[in-house]
1. Which order do peptides 194-207, 142-155 fall in by mean Cβ count within 10 Å, highest first?
2. So what's the angle, to the nearest 10 degrees on a 0 to 90 scale, between helix 9-21 and the longest Cα principal axis of the chain?
3. Principal axes first, then extents: for the Cα atoms of the range 151-239, list largest minus smallest coordinate on each axis, whole Å, largest first.
4. Output the 0 to 90 degree angle, nearest 10, between the alpha-carbon long axis of helix 163-174 and the longest principal axis computed from the alpha carbons of the chain.
5. Order the peptides 317-328, 130-141 from the highest to the lowest mean number of other Cβ atoms within 10 Å of their residues.
6. Rounded to the nearest 10 degrees, what's the angle between the helix 316-331 long axis and the longest principal axis of the chain, both from Cα atoms, 0 to 90?
7. Rg/Rh for the chain: what does it come to with C-alpha atoms and Rh from Kirkwood?
8. In the range 198-331, what is the volume of the convex hull around the alpha carbon atoms, normalised per residue and reported in Å³?
């Protein structure tokens with residue numbers, strides 16, 4: 001999730017011009033979101049860059065980053081524009097659970113696949129609000145987006161908003177607080193049912209990792225994809241904290257020479273392909289890990305499957321939950 005942290009002067013100047021007209025622009029390819037209020041307006045949402053006030057219930061919603069589009073749809077609001085998801089999405093950048101949820105509906109505009117927000121395209125969608133509560137936007141990008149419409153940024157660190165918090169934030173921004181509470185209750189029940197069906201998970205230590213392009217990544221305890229496994233009864237392995245660095249908010253890189261120190265009852269190692277997963281398990285550095293030696297490794301494979309639980313959203317969690325739990329159960333002693 002690398003980010004370009006600077007914008008050109010031309011881009012900055014053009015967005016100021018777009019900001020004068022973008023909020024009233026109409027998008028002929030997408031219908032306004034149909035949102036019956038369960039919350040009251042105006043609402044003010046605090047975030048990493050200050051606070052954002054939304055004066056009235058948004059009718060046209062643009063989502064940026066991860067999860068906000070999912071949660072809006074799960075709450076009954078179809079955005080007018082959503083981000084292109086290169087990981088887990090189809091050739092059009094649409095995630096499978098979004099495609100399924102919108103069967104029979106007009107699809108939102110899919111924004112260009114860019115690292116920086118595509119300001120012109122977002123302005124052209126004429127949003128009443130921009131949801132970016134799980135994203136990596138910088139303060140400069142936030143300021144530029146705010147010229148178009150009110151922006152809901154992440155509350156703490158970039159790419160680290162807990163999935164439950166994301167649902168609540170989305171519900172507040174859209175006037176769907178009752179629906180957000182109901183969605184969380186439904187998901188919590190589903191997770192609790194899975195945890196009850198697998199008492200062997202209770203108290204087992206877990207570490208979530210990815211071996212990619214010559215680097216080994218460990219997800220920190222507070223990362224949403226780890227937090228989700230704790231709901232199933234697992235406990236974050238002490239070694240995850242003991243070896244952690246301040247490299248990033250939600251992960252750190254571990255040298256291959258240190259992998260034998262990352263002890264846990266269960267290792268979950270994400271691989272985009274079966275070949276990638278097999279290559280990791282066969283590598284000499286992996287063979288030194290106690291979990292590989294014991295055969296207690298779960299290897300989620302496939303971009304869509306991994307994306308559904310890494311991290312989960314209000315729409316994706318149910319889509320991948322049963323298969324993910326089955327994979328974990330097969331690897332637990």
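Please treat every number below as a calculation from the coordinates, not as lab data. What you see is a predicted model; the values in this text were computed from it and never measured. Cβ: placed from backbone, ideal geometry, glycine included. Neighbour counts: every protein chain shown.
1. Numbers: 194-207: 16.6, 142-155: 22.6.
Output ranking for 194-207, 142-155: 142-155, 194-207.
2. For 9-21 against the chain, the angle is about 60 degrees.
3. 41, 35, 21
4. The angle comes out at about 10 degrees.
5. On the way: 317-328: 18.7, 130-141: 23.5.
Highest-to-lowest ranking by the protection proxy: 130-141, 317-328.
6. 10 degrees
7. Working: Rg = 20.4 Å, Rh = 20.7 Å.
Dividing the radius of gyration by the Kirkwood radius yields 0.99.
8. On the way: hull volume 13.3 nm³, N = 134.
Cα-based convex hull of the range 198-331, divided per residue, equals 99 Å³.
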